Amino acid sequence: MWLRYCPRFMIIRRQHIELSTSAQFVQQLNTSRRDRSHSYYDGVYHGHIQTTPFQKALLAVGSGVAALQDPYRHDMVAVLGETTGHLALVSLRDRMRNDPEGLTILTERPRIRLSTLDLKNMASLPDGSFGREYLRFLEDNSVTPDSRTQVRFVDDEELAYVMLRYREVHDLMHTLLGMPTNMLGEVVVKWFEAAQTGLPMCALGAVLGPLRLNARRLQSLFTSLGPWALRNGRRGRCVLSIFYERRWDQNLEDLRQELHIEPPPATLHPSRKT
């Protein structure tokens, strides 16, 4: 097994890797790391772990195996994305720079967290508004924007923010696409994101995710939802270039039209079943 060759920077117990809390993991991976301030973007950025290409390859393999065994291991999905996504992140960054709204996001670097959301105001918005439907998505699927993993293995500060922005708008993609967080909904979103972002992590999820679906949902994916997700992902405006925090009161259908996203061809209901 590959893990036998990297005992200095990864410990797996019962297939659980706690990257976010393991001080030993951080220390062993980054022996040359200097002390940094608590500002997220001072130095390279707070929390960054320097790794060699070989270490990144090992992390990519290990996290890919763990994520395949349990697609809800968001920490492993995060590591896989960071260690394989450099070229895609560069492309996404350039697309954001070439879009006035995207450039504003790169300049201001907003965050989507409970501490930055005015939940009371969002709850008062009319049904059908983007903010109200996003809040409904969070409630119906019992998810929170604070669950996103900190970026650690991207070796460029601006690209690290692009990856962070991608993670924090992931739930907004569910809202735009009308997809819940069950396995079929996640696979559909991954098909859309693979076409939109070019991130290898998304492509891998799009290819391997269907293996966990039953026959009925596979048919729905391949005949309806999948082609729809790919078509809209390819033709849609870059979803990272939208300042969603300033669009909560915009009608969801109007926002979809602006982004060239068609309404979903089927309605899925929240469920963890495959």
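Throughout, read-outs are computed from the coordinates displayed, never taken from laboratory work. From a predicted model like this one, the values you see are computed outputs, not experimental measurements. Counting neighbours? That spans all protein chains shown, and the Cβs are built from the backbone with ideal geometry, glycine included.
Annotations
- Derived value for segment 53-259: Kirkwood hydrodynamic radius 17.5 Å. Basis is the mean of 1/r over every pair of different alpha-carbon atoms.
- The eigenvalues of the Cα gyration tensor, multiplied by 5 and square-rooted, give segment 83-203 an equivalent ellipsoid with semi-axes of 25, 18, 13 Å from largest to smallest.
- Amide H contacts of Asn251: Phe130, each under 5 Å away and 5 or more positions distant or on a separate chain (H built 1.01 Å from N in the peptide plane; Pro and chain starts excluded).
- Our estimate of slack between Glu158 and Gln50, defined as 0.36 nm per intervening residue step minus the Cα-Cα distance, is 37.3 nm.
- Relative contact order of segment 53-259: 27 percent, from C-alpha pairs under 8 Å at least 6 residues apart in sequence.
- Evaluated over segment 184-235, the Cα radius of gyration and Dmax, each in Å: 10.0, 29
- Size of electric dipole in segment 53-259: Cβ of Lys, Arg +1 and of Asp, Glu -1, about Cα centre, debye, nearest 20: 520
- Estimated vicinal HN-Hα couplings, Hz - segment 115-130 in sequence order (Karplus 6.51, -1.76, 1.60; Gly, Pro = x): 5, 9, 9, 8, 5, 5, 5, 5, 5, 8, 5, x, 4, x, 6, 4
- Segment 146-217 and segment 58-105: distance between their alpha carbon centers, rounded to Å: 9
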